[in-house]
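Heads up: the structure comes next, in structure tokens.
The values are calculated or read from the model by the stated rules, or taken from the named source; none is laboratory data. Just so you know, these numbers come straight off a predicted model, no measurement behind them. Counting neighbours? That spans all protein chains shown, and the Cβs are built from the backbone with ideal geometry, glycine included. The accessibility values were calculated without ligands, DNA or RNA, using every heavy atom of the protein model including side chains. Shrake-Rupley method; radii C 1.70, N 1.55, O 1.52, S 1.80 Å.
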Amino acid sequence: MHKNRQGRGHPDKLALVKSITLFAIFLVTTVAAAQNSPTTIFFHGNILTGAHLRTDDTSETPAKVTAIAIATGKILAIGDDATIQALKVPQTKVIDLNGAFAMPGFNDAHTHIASAGQQKLSVDLDGTQSLKEMQDRIRAYTAKSAPGTWIQGGGWDHTKWPTKQLPTRADIDAVTAGHPAVFERTDGHIVVANSAALAAANITSATSDPPGSKIDRDAAGNPTGIVREAPAVALIRKVIPPPTHQQRVDALTLAMNDALAHGVTSVQDLSDWDDFLALEGIENSGSLHLRVAEWLAFDTPVATLKERRISHAADPLLRTTMLKGFMDGSLGSRTAALNAPYSDDPGNSGIPRYEQQPLNQMASDRALEAFQLGFHAIGDRANDMALDAFEAAMAARRKQQEDLIPKLEAVTHATVSVVVEDFRYRIEHAQVVSPSAFDRFAKLHVIASMQPSHLLTDMNWAEARLGPERVKYSYAWRSFLDHGVVLAFGTDYPVESVSPFRGLYAAITRQNEAGTKTYQPQEKITLNEALYAYTQGSAYAEKREETKGRLEPGYLADLIVLDRDITTTTPQELLHTQVLRTVVNGETVYTAPNPKPSTAGAKN
């Protein structure tokens with residue numbers, strides 16, 4: 001009996017094993033079926049897939065379809081209504097688009113979402129049309145503030161005021177009732193501080209300008225209140241109490257909701273590390289609905305950068321990416337570094353933030369650790385500096401790899417060759433470049449990460465800053481494309497509205513929003529080229545082009561539904577486009593509260 005049991009096995013145990021095995025097979029089959037069955041189907045739509053936006057796209061994916069199936073946060077299938085609806089199972093949610101236009105979600109390649117949210121929570125000076133309006137907003141906010149607290153805000157732009165004059169500390173003193181106060185210009189490169197803020201920071205006539213920055217002074221040598229660029233602004237920032245964790249969460253939530261409401265499903269962002277930690281908490285609570293690729297500060301020590309790079313490396317919602325460095329300031333503030341003086345300020349060529357050799361060394365040190373580099377560069381000198389640093393960094397990285405070859409060959413006993421590395425270095429803004437820079441961008445495969453909506457503001461004074469010859473090489477989207485350079489589009493939010501439709505309009509018209517003024521029209525690009533730059537070009541810039549920017553099987557299910565077909569509407573109508581629905585990871589994360597009916601660009 002005992003031997004028989006050992007040989008044949010106990011019948012009850014055999015039955016139990018068989019039941020467990022069958023149940024396991026059932027679970028695997030059920031899971032596999034669920035993964036292959038759509039959770040959501042959108043049908044009866046006019047859906048732009050993103051295929052064939054470029055003429056060299058030989059994909060078999062059609063440019064437009066009417067239906068799309070989503071499973072586990074990714075695109076499962078696309079096609080006609082009948083084919084896709086045949087995939088549905090009882091649990092599938094089916095959504096009728098009623099003929100509406102849909103497309104891949106926009107990927108904003110350059111944002112500052114923490115700053116955008118903090119601006120909304122403080123004195124929001126965006127859109128002020130005069131110094132008086134700025135003062136009125138500050139006065140109203142100050143009246144509700146506790147005694148002694150700092151008053152902060154941003155978004156002002158003196159170039160939009162009748163006087164075109166920068167505000168002074170006296171202007172701010174008049175409306176802040178003794179509170180220390182500081183207000184950032186829209187571009188983030190200069191601030192105006194009142195007397196109490198300057199005193200708190202111990203900025204006096206004896207204070208030297210920190211390298212790479214400037215403190216404006218009057219004829220007697222006293223600070224006027226205008227402080228230019230981060231090294232000098234840091235003197236003030238370090239005495240201001242930082243936001244609390246909850247304030248950071250609130251600010252980020254406001255900004256991210258704004259992005260989603262404008263059809264932006266991914267952002268590539270520079271905020272503080274504490275803001276990244278706040279985003280981490282938002283994600284852990286299940287409330288992160290915007291994809292965030294966070295940049296790290298280039299100046300941070302390499303050891304710290306390596307630690308932070310590990311954070312969320314494989315997380316499709318929140319991760320760290322490139323290193324962001326600043327070569328100069330902005331044209332609006334006349335701190336962008338130019339090779340020749342400003343045409344409207346002959347004694348000023350801007351403020352470069354680095355000396356070339358130390359910059360090259362820092363870039364090389366970080367390249368040796370395989371970091372992607374991205375440099376803010378507005379002026380032609382700054383762009384040349386960035387390209388020089390990139391060239392040095394690439395050479396250092398290649399030499400590092402070449403030096404490894406003898407060691408690898410000794411171990412493998414085989415011939416080893418250096419693989420050409422896909423650096424994907426980026427220049428953020430690239431607003432004014434040297435005539436020779438286009439070829440250098442192309443040779444080094446540097447991405448031009450640009451913000452077309454900047455032109456809507458800057459065209460009012462850019463030619464005065466640059467002069468008739470240099471202006472030909474500004475905001476040069478067509479020239480970059482013609483040289484084979486990849487464009488990635490964004491907004492620089494909150495410097496400009498996060499709306500991508502203003503950027504599309506600027507890219508295809510190079511006109512102001514009223515359509516009454518045109519800037520260097522030879523640099524216009526087509527709508528398809530602009531859409532590509534705002535979706536697939538941006539995805540390429542963050543090394544995610546195989547999962548973002550298109551609506552085809554295997555890609556992330558990030559899409560938006562609009563109130564008009566933007567591929568057939570007029571440029572002016574494009575400016576008024578309304579987002580009806582935003583979908584991220586297959587889930588609807590925004591719906592328009594009161595959608596306005598529109599037939600602009602509609603087809604029967």
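Which FRET efficiency, nearest 0.05, do Leu368 and Leu277 yield, Cβ-Cβ r, R0 25 Å?
Values: r = 27 Å, r/R0 = 1.10.
The calculated FRET efficiency here is 0.35.
Along Cα→Cβ, 7 Å out, is where each label goes; now give me the distance between the ones at Asn284 and Asp81 in nm to one decimal.
Once both label points are built, they end up 4.7 nm from each other.
With 25 Å as the limit, write out which pairs from Lys64/Lys517; Lys443/Lys517; Lys472/Lys517 have Cα-Cα distances beyond it, or answer none.
Lys64/Lys517; Lys443/Lys517
If r is the Cβ-Cβ distance from Lys543 to Ala340 and R0 is 22 Å, what FRET efficiency results, to the nearest 0.05? Walk me through the numbers before you get to the answer.
On the way: r = 36 Å, r/R0 = 1.64.
The computed FRET efficiency comes out at 0.05.
At 1.4 Å probe radius, can you tell me the per residue accessible area of the chain in Å²?
I get 44 Å² per residue for the chain.
Could you derive backbone 3J(HN,Hα) for segment 235-245 from the dihedral phi with the Karplus parameters 6.51, -1.76 and 1.60 (θ = phi - 60°), listing whole Hz in sequence and x where the residue is Gly or Pro?
Per residue, the Karplus-derived 3J(HN,Hα) values read 4, 7, 4, 6, 9, 8, x, x, x, 6, 4 Hz.
Specify which labelled value, from (1) 0.96; (2) 1.83; (3) 1.09, agrees with Cα Rg over 2.2 N^0.38 Å derived from the coordinates of the model shown.
So the calculated entry is the one marked (3).
Computing the accessible area with a 1.4 Å probe over protein heavy atoms, can you report the carbon and sulfur percentage for segment 42-130?
51 percent
Around Asp344, with a cut-off of 9 angstrom between Cβ atoms, what is the net charge of the other residues, counting Lys and Arg +1 and Asp and Glu -1? Can you show the working numbers first?
Working: positive: Arg334, Arg465; negative: Asp345.
Local charge sum for Asp344: +1.
What is the dipole size for the chain, taken about its Cα centre, with +1 at each Lys and Arg Cβ and -1 at each Asp and Glu Cβ, in debye to the nearest 20? All intermediate terms of the calculation are to be shown ahead of the outcome.
On the way: 59 positive and 68 negative charges, 284 e Å.
Around 1360 debye, computed over the chain.
Going by amide H atoms built from the backbone, whose H comes under 5 Å of the H on Lys93, apart from near neighbours?
It is Thr40, Ile41, by chain and number.
Given R₀ = 35 Å, what would the calculated FRET efficiency be for Thr92 paired with Asp56, taking r from the Cβ atoms and rounding to 0.05?
About 0.45, to the nearest 0.05.
What does the charge count around Thr39 come to, taking other residues whose C-beta lies under 11 Å from its C-beta (Lys +1, Arg +1, Asp -1, Glu -1)? Don't jump to the answer; show the numbers that get you there.
Working: positive: Lys74, Lys88, Lys93; negative: Glu587.
So the surrounding residues net to +2.
I need two numbers for segment 422-563: Rg to one decimal and Dmax as a whole number, Cα atoms only, in Å.
Answer for segment 422-563, Rg first and Dmax second: 15.2, 49 Å.
Cross-link candidates for Lys524: which aspartates and glutamates have Cα within less than 12 Å, leaving aside residues fewer than 8 places away along the same chain?
By straight Cα distance, Lys524 reaches Asp482.
Could you pull out every residue, at least 5 positions away or on a different chain, whose amide H is within less than 5 Å of the one on Phe298? Hs are placed 1.01 Å off N in the peptide plane, and Pro or chain starts have none.
Lys324, Gly325
Taking H as built 1.01 Å from N, whose amide H comes closer than 5 Å to the amide H of Trp156, not counting residues under 5 places away?
Answer set, sorted by chain and number: Leu125, Thr186.
Taking 0.36 nm per residue of sequence separation and subtracting the Cα-Cα distance, how much length would be gained by fully extending the chain between Gln165 and Glu355, in nm to one decimal? Don't skip to the end; give the middle numbers.
Working: separation 190, 0.36 × 190 = 68.40 nm, distance 3.10 nm.
Additional length available on full extension: 65.3 nm.
Excluding Pro452 itself, what net charge comes from residues whose Cβ is under 13 Å from its Cβ, given Lys and Arg +1 and Asp and Glu -1?
Its environment carries a net charge of -3.
Rounded, prolate or oblate, given the Cα gyration tensor of segment 361-468, with a/c below 1.5 counting as rounded? Walk me through the intermediate numbers first.
Working: a/c = 3.41, a/b = 3.34, b/c = 1.02.
Prolate.
Quick check: the distance between the Cα centres of segment 35-88 and segment 466-538, to the nearest angstrom?
If you average the Cα positions of each part, the centres end up 29 Å apart.
Name the residues of segment 146-188 whose amide N is less than 15 Å from a point 7 angstrom out from the Cα of Lys132 along the C-beta direction?
In segment 146-188, the label zone of Lys132 (backbone N under 15 Å from the point 7 Å along Cα→Cβ) covers 161-164.
List nothing, just return the count: lysine pairs in segment 86-195, 8 or more apart or interchain, with Cα separation under 25 Å.
Details: Lys120/Lys132; Lys120/Lys144; Lys120/Lys160; Lys120/Lys164; Lys132/Lys144; Lys132/Lys160; Lys132/Lys164.
Lysine pairs meeting the criterion: 7.
I'd like the antiparallel share, as a percent to the nearest 5, of DSSP beta bridges with both residues in the chain.
45 percent
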